[in-house]
Amino acid sequence: MSTEQLCPCGSGKALEQCCGPILAGTAQARTPEELMRARFTAHSQSNYDFLVESVHPDHREDLNTEELSQWSGNITWDRIEVHSASPGETDDDGLVSFTAHYQIKGKPQFMREDAAFKRVDGKWYYVDGEIQGHEPYVRDTPKVGRNEPCPCGSGKKHKKCCGA
């Protein structure tokens, strides 16, 4: 029985034969897809230093490990599906379309993204991504419970007034 941990990127390979060396800095991603998979693995392992370092230097100004840690504190990364990986306008550009599956406080979620990558001096970097789908709905005011007083001021319970 093997004690090797499978790579979280879903390649089916052992972590040390896949994204592990890229995360450790002993190897470089050879393609944008390899870098995307390594970034997913970094998210799943809370390796925020790698996530910052793998962003193109021109796009790091507002990025830091503390904010990444706070943002992903309640997230459990489950798996990634790579839909396509294609070249960009030049040999030093690439695009990867993927869906990342994760959980927030145990509730399944997913994010579909088209990500852009750029190679500088032989090293691939994440540039930015376009999230697909709609933005989640955010209420302007707190939700009114059914048994709370109706916000219209009628004095009735919400369920017997505007909530009916």
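The values are calculated or read from the model by the stated rules, or taken from the named source; none is laboratory data. No experiment lies behind these values; they were computed from the predicted model shown. As a convention, Cβ positions derive from the backbone with ideal geometry for all residues, glycine included, and neighbour counts pool all protein chains shown. Heavy atoms of the whole protein, side chains included, go into the accessibility calculation; ligands, DNA and RNA do not. Shrake-Rupley method; radii C 1.70, N 1.55, O 1.52, S 1.80 Å.
Below is a table of values for the structure above.
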read-out: Single match in Lys105, Lys157 (criterion: without any contact (Cβ under 8 Å) to a residue 24 or more places away in the chain, of a type in the set (Lys, Arg) and farther than 13 Å from Glu33 by Cα); value: Lys157
read-out: Answer residue from region 77-91, given it is touching a residue at least 12 places away in the same chain (Cβ under 8 Å) and surrounded by fewer than 15 Cβ atoms within 10 Å (Cβ to Cβ) and is farthest from the chain's Cα centre (by Cα) among those; value: Asp91
read-out: Top-ranked residue of region 57-73 - restricted to ones that are closer than 12 Å to His43 by Cα and out of contact with any Phe, Trp or Tyr (no Cβ under 9 Å at 6 or more places or on another chain), ranked as least open to solvent (accessible area, probe 1.4 Å); value: Gly73
read-out: Qualifying position, being more than 19 Å from Gly129 (Cβ to Cβ) and modelled with pLDDT of 95 or more, among Thr41, Thr31, Thr26; value: Thr26
read-out: Complete set of residues in region 2-57 that are out of contact with any Cys (no Cβ under 8 Å at 6 or more places or on another chain) and either on the phi > 0 side of the Ramachandran plot or among the aromatic types (Phe, Trp, Tyr) (or both); value: Gly10, Gly12, Gly25, Ser46, Tyr48, Phe50
read-out: Residues satisfying the stated conditions in region 142-158, i.e. at pLDDT below 80 and either open to solvent by less than 70 Å² (accessible area, probe 1.4 Å) or at positive phi (or both); value: His158
read-out: Subset tally (residues that are within 19 Å of Trp124 (Cβ to Cβ) and without any contact (Cβ under 8 Å) to a residue 60 or more places away in the chain) for region 59-74; value: 2
read-out: Qualifying residue in region 116-126 (condition: without any contact (Cβ under 8 Å) to a residue 24 or more places away in the chain and open to solvent by 80 Å² or more (accessible area, probe 1.4 Å)); value: yes
read-out: Flag for Pro21 being farther than 17 Å from Glu113 by Cα and not in a loop (DSSP other than H, G, I, E, B); value: yes
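The rows are residues; the columns are (1) over 26 Å from Gln70 (Cα atoms); (2) open to solvent by less than 30 Å² (accessible area, probe 1.4 Å).
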| position | (1), (2) |
| --- | --- |
| Ile22 | no, yes |
| Thr26 | yes, no |
| Pro32 | yes, yes |
| Leu35 | no, yes |
| Ala42 | no, yes |
